[in-house]
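All of the numbers you see were taken from the coordinates with simple rules; none came from a lab. As the structure is a prediction and not an experimental result, all values here were calculated from the model. Here the Cβ positions follow ideal geometry from the backbone for every residue, glycine too, while neighbour counts run over all protein chains shown.
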């Protein structure tokens, strides 16, 4: 304990077992005051358990945790005073206003009455929530909720701040603000732990603890891990033909450990000491060349965990190619939806071609979900039309619904039904019967390797398998159009890659995919992206096109996230009252 | 410093939680619905719908004899305001109607009716057949048919001396009596709903929405959290008592012979086990759906069935009678009936108060044992 600073956290041989599983198996590490420590790892790695242990809400089965000089078991009451903790779904009281939430936490932390008002003002200013102080927390956007959660956790100036996945479901603009706030806090000497499944966030941390299956796989600055990948990351810019097919072929090469689509390019990570010859041949065959790029933390993460999945989706192989009567799979014109005085979607028009991946992006509350729901017939437009495979949703809703597959956020599986029953339900609800129904279910079971899990409850499955099951359910009736609503929110990179392997495969068979997402990486997979802001469509282009549009000068290279933020800021400027 | 010393109780934190909980009560329309609208609905139901008074019950009169006496008795049935009579000549006509549910019973005036009348003492002059699938109505038909016959006999001077008890049955006004006994009982049900059901939901809701984790991460102690939650519901319970009593007295004309103070005091004591039960359920369930189901099974149904509200305890089988001693509503119901119908008879009230208090303390102790400031199960 000697070298631990007063405000930091000391983990010594921490073990935590649950009846089914050992969540943490001997973790020892030091978290320093005055810096931001990222806690990263795939789903189920033990991140949340470790957070709860540090917050004194769980007891370790072996080992000790010292937080700001206090033992989490022996001196639990000191932990509660010295630690600000924001749980994963920060349970704000949604029926209380912003100010009432703040006031509750101020009093629970026994702030002297004289100090309370000043503290609120400081926190409201800090979080820029002052204009909304009277609003009920339930009526805030996702990003604002997280900021309010942060404000509540900061009440009483804790020495240590624990944030459990604070950016899940938060758009890039709000995310940037959260980062700014946390940066100011660490500068003032606070120890901040930020757990995340977003690896671009881990890259921004000073120090990273990487958990995998309950063990500490890496402990150090992110650059040290990324450094191991030097010379293994490549880009294949502007390939001829189908870049998804190129990615699939690349991933099937033994020399390639991982790969993603990046706008018009394909990004690959080679195996350590791999022979690059076959890769160069592949690149040349697509009229592109192998371009060495700087490794990213995500490359290192995936490689540390054993590389990404292969490139071929068995389900896609099995599907018959889709052919539609018309070229346009999904279309809307002048789509508008009002809720009372509030216009959630304002005069939105676009067309999605068959076989396209079309992304719908925008900050929380921009109207993505409303638009999306109207396009798949879950919500009636106030004015305007929406069409799926040429069928008007207002007139032939049920026919149209039979031609589309829908995968909702959080997978929407039935927790009380077994895997088999979920599949049977999905088949039944789309009107499959008899031998055909059985055959489709069997196919899905084989393709997604669900056979051994047929009798388990969906909640007992790992996230990756849940995702497979949800996808299987939405593909049961072989829809030519697939709607995905934030399909990979909170899902780790490896599971996410597997998911996109399937989607890419389906698209190559002519399936059209509509997707909403907060992941800028995912936007890169899209052929075209529609950016929504304040209920309106503010930009519609290819990912590379949007980056070019947002760039200040011709050769500035932006990430998708930077482009997103700039376009939104530009829209804000143009709307300033004259 | 003792490392095990836990945080001192803080009034400021308790008030903060109470205030928060109160705000939530007023913002959640469903809570107010359960607390103020549901009592009114229940009271109306119990006062009007659940009544043992029945009129115009459909019966058949099978007239097998044509004598003047038989005709006269048949006319007496037809003239009764309690019956709507379908006259027949043959019991083979009446029986299918009973089976079909078109009649609730039938009276047979037999061929040898006059001969039976002449017997002394006269016995079984008529036969009454009732539909046993609806026991209350069946009893009603049997009793009122007997009453009609008695009255008829008396009017004809056949039976000058009649047992008084049978006559009284006829004049008995079931409506008033039912209402008087049911409304105090309804109060016990309403308080169980508020105490047990609402409280069972509030803690489970915090677990479900994840707010409990945030609350546990603050210095607030379990005692403060639980007490802070109880206070608003305690007050809500007393308000509902006052409202229900006011309705009972002024709208339904139920006399309140005891004092309002005693009534509120009884309610306050009863809230102890009721809230304790609710809290215990929600600390164990951590899920609103399960909590509400358990609250219905363990709180509402016993209060309904085992409190002596609808079914008299003394007529239950012995094991059930013993079980009723574990139901707080049983004591509350009997104490309420005392206060409403008899007055502040303290010798009768004290044992009930003692029993409710004891149950409350036991339940609260169980809650305290099961609430630790930790997410461990």
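Observations
- A Förster radius of 30 Å, combined with the Cβ-Cβ distance separating residue B:252 from residue B:348, puts the computed FRET efficiency at roughly 0.80.
- Ascending count of other beta-carbon atoms within 10 Å, so fewest first, for A:81, B:338: A:81, B:338
- Cβ-Cβ distance of residue A:408 and residue A:28, R₀ of 30 Å, FRET efficiency by 1/(1 + (r/R0)^6): the value works out to about 0.15.
- Gyration tensor verdict on region A:95-228 (Cα atoms; rounded if a/c is under 1.5, prolate if a/b is larger than b/c, oblate otherwise): prolate
- What the Cβ-Cβ distance of residue A:551 and residue B:372 gives, at R0 = 41 Å and to the nearest 0.05, is a FRET efficiency of 0.15.
- Relative to the compact-globule estimate of 2.2 N^0.38 Å, the Cα radius of gyration of region A:396-455 comes out at 1.19.
- Distance distribution P(r), region A:213-318, all Cα-Cα pairs, bin width 5 angstrom from 0: 2, 13, 23, 23, 17, 11, 6, 3, 1 percent.
- Length released on extending from residue A:569 to residue A:200, taking residue separation times 0.36 nm less the Cα-Cα span: 130.7 nm
- 0 to 90° range, to nearest 10: angle between helix A:142-153 axis and chain A longest Cα axis: 10
- Average other protein chain Cβ within 10 Å of Cβ, residues A:95-102: 3
- All distinct Cα pairs of region A:444-578 go into the 1/r average, and the inverse of that average, the Kirkwood radius, is 17.1 Å.
- Axis angle, to the nearest 10 degrees, between helix A:493-508 and the longest C-alpha principal axis of chain A: 10 degrees.
- The label-point distance for residue A:559 and residue A:460, in a model that sets each label 7 Å from Cα toward Cβ, rounds to 4.0 nm.
- Stokes-Einstein D in µm²/s, Kirkwood radius over Cα pairs - region B:57-155 at 4 °C with 1.567 mPa s viscosity: 97
- The Cα center of region A:355-372 and the Cα center of region A:421-466 differ in position by 29 Å.
- Rh by Kirkwood over Cα pairs, then Stokes-Einstein D for region A:390-500 at 1.002 mPa s and 20 °C, µm²/s: 148
- Per residue, the average separation of C-alpha pairs within less than 8 Å and at least 6 apart gives region B:57-155 a relative contact order of 30 percent.
- Cα gyration tensor shape of the protein assembly as shown, rounded if a/c is under 1.5, else prolate or oblate by comparing a/b with b/c: prolate
- Counting every other Cβ atom within 10 Å of each residue's Cβ, A:430, B:106, A:414 order from fewest to most as A:414, A:430, B:106.
- In this rough spin-label picture, where each label sits 7 Å from Cα along the Cβ direction, the residue B:227-residue A:213 distance is 5.0 nm.
- Solvent-free Debye scattering, log10 I(q)/I(0), computed from the Cα coordinates of region A:478-549 at q = 0.17, 0.21, 0.28 Å⁻¹: -0.70, -1.02, -1.38
- When the alpha carbon coordinates of region A:56-172 are projected onto the principal axes, the ranges are 46, 36, 23 Å, largest first.
- Once C-alpha pairs closer than 8 Å and six or more residues apart are averaged by separation and normalised to the residue number of chain A, the relative contact order reads 14 percent.
- Tilt relative to chain A, helix A:463-475 - C-alpha long axis, 0 to 90 degrees, to 10: 30
- Whole-number percent relative contact order across region B:269-348, with pairs defined as alpha carbons under 8 Å at least 6 apart: 25
- Extension gain, residue A:187 to residue A:272, is 26.8 nm, computed as 0.36 nm per intervening residue step minus the present C-alpha separation.
- With Cα atoms defining each centre, region A:45-107 and region B:108-157 are spaced 78 Å apart in the structure.
- C-alpha center-to-center spacing [region B:180-257, region A:481-520] in angstrom: 48
- Angstrom value of the Kirkwood radius, inverse mean 1/r, which spans all Cα pairs in region A:274-383: 18.8
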